[in-house]
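The values are calculated or read from the model by the stated rules, or taken from the named source; none is laboratory data. Please read these numbers as outputs of a predicted model, since none were measured by experiment. Positions of Cβ are generated from backbone atoms using ideal geometry, with glycine treated the same way; all protein chains shown enter the neighbour counts. Heavy atoms of the whole protein, side chains included, go into the accessibility calculation; ligands, DNA and RNA do not. Shrake-Rupley method; radii C 1.70, N 1.55, O 1.52, S 1.80 Å.
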Amino acid sequence: MSEPIIVVDKLRIVYNQGKSNESRALEETSLTVYPHEYVIIFGPSGCGKSTLLYSLSGLQSATYGSVSVKGKAIAQMNEQEELELHQTSIGMVFQAFYLIPSLNIIDNVVLPKVFRGEAPKERLEVGYQLLRRFGIAEQADKFPNQLSGGQKQRVAIARSLVNNPDIILADEPVGNLDSESAENVLKILKELNEVDQKTIVMVTHNPEHLQYADRVVHMKDGRIIKEEIHKEKRAIVHHKQENEDEEADQTNPELKMLMASFKSLLPQQVDVLLVPFKAKQLLSHLLSELNEEQVAMAEAFLKELLFKNIDNATFVDRLDLDLEKGGAGWNHMRAESFSARTEEILSIAQSMKTDADRAPILLASYLITHFHLRLDAKKLLRFQAVLKLRIESQIGQIELRKRLDAPMIQDGVGLHKNTVEKVAREIEIVMLLKFS
Ligand code: ADP
Ligand code: MG
């Protein structure tokens with residue numbers, strides 16, 4: 001009898017907790033997935049499917065409760081363990097494919113191996129093997145925009161498999177495909193489950209897909225309301241109670257993972273993948289009280305700004321313009337101050353690339369002003385030294401937090417606990433923007 005491979009225990013997820021736009025995406029949810037199961041999470045749009053799926057991989061962190069993969073709570077994993085989880089235990093497939101437009105197909109597929117620093121010969125061998133298996137070997141030298149949607153999704157599946165994970169998590173993987181391509185992709189997933197014995201958790205809102213699953217978990221309004229079993233693969237094993245994590249790491253694990261993953265990549269390679277992500281992160285970070293449409297429009301304009309398609313003045317104009325006229329419908333003051341802060345953050349990020357000595361000084365001064373920090377001369381030097389280590393990726397963000405928090409005599413900066421959270425998060429955002 002096998003142990004569960006994923007255990008979700010009393011998980012709750014609240015977005016924007018404590019703010020006016022607080023959203024309870026997941027009410028208390030428990031779910032156990034066993035090795036080799038094919039589980040479908042089914043329900044209407046907005047019911048929390050993606051939120052639940054992302055929490056299984058740590059892309060979304062738990063607000064309350066816990067998620068364990070292969071017996072280990074994600075919140076208790078150290079940086080290395082979490083990196084291993086993403087690189088070798090879990091493969092992810094998304095509706096939007098997320099291929100990198102500037103890389104050809106084979107390079108897209110082997111990218112996760114590049115992150116792991118594997119030798120070209122070996123990684124290409126595995127990559128071509130997967131392309132052949134999914135009938136897309138002829139596309140190897142083409143670029144994503146030369147492929148059909150169905151082909152792109154097969155490439156994305158190949159990429160998710162390249163490090164041979166046991167678990168595949170797929171979020172509406174055929175949501176963008178015509179019915180023939182959709183069926184083809186669904187058959188591949190089924191085959192991965194039956195032949196390769198992969199554990200699969202797939203999200204869908206389409207009832208026609210349910211036949212593929214061993215077990216269907218029905219969701220509504222942030223809850224699991226029913227389970228439907230087609231094929232019993234679960235072993236009857238009682239799971240040990242996990243210890244509650246003492247101090248959950250609140251920083252977005254997705255950001256963390258990206259930071260860790262992209263260390264070995266050239267900036268020009270990460271660019272296109274990261275820009276939309278950056279726009280989203282920066283927005284949700286800087287905004288709290290706008291409605292969805294105002295945020296969505298602003299996100300579009302921020303992408304334009306990050307892609308350097310528009311300048312700052314135009315950015316402000318677009319934010320300010322009424323929604324009916326194609327703008328983001330903000331008021332002028334908010335648009336101005338948002339643009340000013342964006343500009344400031346971007347210029348610090350820029351200095352990280354071009355002026356390594358000055359970057360920690362600029363970043364320190366920005367953080368001091370922005371968070372009203374009071375540091376004496378000695379603390380300031382220590383603060384800058386710690387920032388330098390983080391900027392140069394000599395320490396990760398967990399170590400960064402520790403050092404910001406630890407007292408001076410223990411080589412720390414001795415910041416207040418709440419301040420550490422805010423400052424560390426801001427630093428990660430600025431670090432991310434450095435890749436533009
Ligand atoms: P589904 O995948 O079933 O369509 P989601 O998990 O994406 O649902 O969303 C569940 C709820 O959480 C929705 O009300 C959605 O608006 C909200 N939500 C999702 N992502 C975020 C986010 N990043 N910030 C705030 N609210 C969010
Ligand atoms: Mg979704």
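Against the definition (open to solvent by 10 Å² or more (accessible area, probe 1.4 Å) and either within 14 Å of ligand 1 (Cβ to nearest atom) or under 21 Å from the mean Cα position of the chain (by Cα) (or both)), how does Ser30 come out, yes or no?
no
For (1) among the hydroxyl-bearing types (Ser, Thr, Tyr); (2) more than 16 Å from ligand 2 (Cβ to nearest atom), each residue gets a yes or a no:
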| residue | (1), (2) |
| --- | --- |
| Val14 | no, yes |
| Glu28 | no, yes |
| Ile40 | no, no |
| Gly43 | no, no |
| Gly46 | no, no |
| Ser50 | yes, no |
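In region 136-176, which residue that is assigned to a loop (DSSP other than H, G, I, E, B) and crowded, with 20+ Cβ neighbours inside 10 Å is nearest to ligand 1 (Cβ to nearest atom)?
Going through the qualifying residues, I end up with Glu172.
Between a first residue in region 198-224 that is not assigned by TED's automatic domain parsing to the domain that holds Lys70 and a second residue that is open to solvent by 10 Å² or more (accessible area, probe 1.4 Å) and within 14 Å of ligand 2 (Cβ to nearest atom), which pairs have beta carbons less than 7 Å apart while being 6 or more apart in sequence or on different chains?
Qualifying pairs under 7 Å: none.
Quick one: Gln60 ticks every box in (1) within 12 Å of ligand 2 (Cβ to nearest atom); (2) under 15 Å from the mean Cα position of the chain (by Cα); (3) surrounded by fewer than 22 Cβ atoms within 10 Å (Cβ to Cβ) except a single one, so which number is it?
Condition (3) is where Gln60 drops out.
Is it the case that Val201 is open to solvent by less than 50 Å² (accessible area, probe 1.4 Å), at pLDDT 95 or above and not in a helix (DSSP H, G or I)?
yes
Kindly establish whether Gly43 is in the same structural domain as Ala213 (by TED's automatic domain parsing), modelled with pLDDT under 90 and within 16 Å of ligand 1 (Cβ to nearest atom).
Spelling it out, it is not the case that Gly43 is in the same structural domain as Ala213 (by TED's automatic domain parsing), modelled with pLDDT under 90 and within 16 Å of ligand 1 (Cβ to nearest atom).
Here are some conditions: (1) within 16 Å of ligand 1 (Cβ to nearest atom); (2) surrounded by fewer than 17 Cβ atoms within 10 Å (Cβ to Cβ). Gly71 meets all but one. Which one does it not meet?
Exception for Gly71: condition (1).
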